[in-house]
Every structure is written in C-alpha cells, then in structure tokens.
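These notes are about the structure you will find just below.
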Amino acid sequence: MGSVGERLAETKSSMPFERGVRSSATKSIFSIDVEDWFHILDVPSTPDLDQWDSLPSLVERNFLKLLDVLAEKNVRVTCFFLGWVAKKFPHLVREADARGHEIASHGFAHRLVFSMTPDEFLQDLVYSKAILEDNSGRAVHGYRTSGFSVTERTPWFFEKIVQAGYSYDSSVFPAPRGHGGMKSDKFGPYLIETKSGSLMEFPITVTKVAGKPLCFFGGGYLRLAPYPVIRKMAQKVLAEKRPVIFYIHPREIDPKHPRLPMSTVRRLKSYVNLKTTEEKIRRLASDFSLTTFEEFISQTNHPVELNA
C-alpha cells in the first residue's frame, strides 16, 4: 500500500467546508456505494479479496446505467467508491467526476470495521483515498464504511477517519441492524470532535414510527417499502428540518445479476424487489431536490441545529 505516514502527511488538512447545515433543510442527498454484485457482507459464501479478480464483474455496466438514469433529471450525487473497484476500473471514477458527481471513499477491501484493528482500518482509509485522488485528480473529503459497521466496539473509528484526512463521514446507522448499528438520538447531521480534529457526521436517515427508528431510504429498506411510503416518510424527515440521505448500490438496478448462496432471511434482504429499484430512483429524482454531500455542506451553516 505504500507508506501510510507519507499519505497522512499529504492528505491531512483542515476542514475544507463550512461546518454546518441549515436550520431549514430543503435538499436531500443521494449517494451510491460503488461496489460489485459479490460484495455482500457477512455471509459464508462471500468470496475473499483474493478471489474477486477471477469473478465476472458487472459494476461497470450497472454503475454507468445508474449514472444515465440520474442524468435524465440532471441529478448530481456522491459516489462512495470501493477502492478495489476504483483501482480495477479507474475510468469509472473519471467518468463520474466528468459528469459532475462527487467522488468519495467506501474503503478499499470492504471489511467490517469491527473486524479490523485501528491500524488496519487506518491503512484501508489512506489507501482507498489515495487511489481515488490519483484517479480523479481531486481531493476526497467523504467516507462511508462497509455495512455501516461502526459500533460501540470501535471507539477509535472517528479519530482514524480524521487522521486519514477526511472531513465528513456517513457511516452511523442510528438504529438496530444485522451488522453495525449504533444507538444514538442524533438523527440529523452533527459535528464530532476528536483528539485529531473535527469531523462532520451524516448518519443514515431514519425516522420514528410508533416510537422506533426505521429506515426507508436505501438498500433493502428502499427496495422493500412501497414508493408512496418512501415519499411520505421522506417528507416527514424534511418537515423535521433534516435532509434525507438516500443510498443505493449498482447491483440493485440489475434484477438478473448473479446470486450468492445464503440463508432465506439474508436472501430476502439482499434481493427483494430488485425490479422496482430503477423506477423508484426515477421517482425520487422527480419528487425531491437531490444533491451531493459536498454541495450540501458548502451551502449550509450551524451543524448542531439539525440534531433532531
């Protein structure tokens, strides 16, 4: 991976954005976790890193199609690239950048954070950031961990992100989930102070239903919920003065992509309603004002005002 120390010296900098979010959120954020069909976490059939190159890849086809769908409504989004994908398909990073999308990091090896040591995590952060910056020619400010796997077991998580030179993160899932999930009463963007500096956190959007925090806005949650429910819940979040953070994976617009063997429950979570995703994205792009994390941060002020 090269010298971590050298990369830290090159990338460590002060916050490049204004530290804030508006007290009245009118825009929402759309993001893509750019990974392949076999990058499903925490199932016995998931192939190891050294097998990935031997598998048929569909990320190029599906990611470009997804960018075309978003282009229909002239929507710019944040692309959280897996470093492995960016290294193997550098033209995808350049294409996304050329179309005006923000380039951000999803780590390199798609490992759950709590399966790594702090030093391993830092190396993964720095390596993925370097690949993306080398390919795009731009500074990379944002990070999202695999599987939203930051938990109470990883108290060093946010400080390592700052040490690696990132300015914002979108990894906290403030509700229970299969892997990851962090209990929190902060549902809107907020500032985190670490010994190494400040970091803006954009938790994955949830809203309370019958007193429980639920997500409707990405991955299996978005695929499972009927669109009228998604729209209603998103409007509820916006009325609470918070941006909605939508997220999707390229494989989710490809109902015919290969399947990994897994349990019935995981199969439901991973593959339910794939045929509905593309149309839901089109409707979201029509019904909501969508932007990137970078643009949202640059246009807003006073982050703690949205700690709903």
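The table below gives the values:
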| quantity | calculated |
| --- | --- |
| For 91, 179, 249, order by how many other beta-carbon atoms lie within 10 Å, fewest first | 91, 179, 249 |
| Residue order, fewest to most surrounding Cβ atoms within 10 angstrom, among 26, 300, 276 | 26, 276, 300 |
| Environment charge at residue 80 (Cβ cut-off 13 Å; Lys +1, Arg +1, Asp -1, Glu -1) | -3 |
| Largest-first principal axis extents of the Cα set of the chain (Å) | 50, 47, 38 |
| Segment residue 138-residue 229, length gained on full extension (0.36 nm per residue, minus Cα span) | 29.0 nm |
| For the chain, size of Cβ-based charge dipole, Lys and Arg +1, Asp and Glu -1, in debye | 1280 debye |
| Lysine pairs in region 167-246 with Cα atoms under 28 Å, if 8 or more residues apart or on separate chains | 19 |
| Cβ-based exposure ranking for 194, 78, in which fewest neighbours within 10 Å come first | 194, 78 |
| Counting all C-alpha pairs of region 181-274, share separated by more than 18 Å (%) | 55 percent |
| Region 240-288: mean projected area of Cα convex hull, nm² | 4.6 nm² |
| Modelled FRET efficiency - R0 22 Å, residue 115 with residue 53, Cβ distances, 0.05 increments | 0.55 |
| Percent of beta bridges antiparallel (DSSP, the chain, rounded to nearest 5) | 30 percent |
| Residues in region 193-222 that a label on residue 185 would reach, taking backbone N under 20 Å of a point 7 Å out along Cα→Cβ | 193, 201-215 |
| Euclidean distance of C-alpha centroids, region 104-166 and region 39-84, integer Å | 17 Å |
| Total formal charge among the other residues, if their Cβ is under 11 angstrom from that of residue 294, Lys/Arg +1 and Asp/Glu -1 | 0 |
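We did not get these values from a lab; they are worked out from the coordinates using the rules stated. Remember, predicted model here, so these are calculated numbers, not experimental data. FYI the Cβ positions are ideal-geometry reconstructions off the backbone, even for glycines, and counts take in every protein chain you see.
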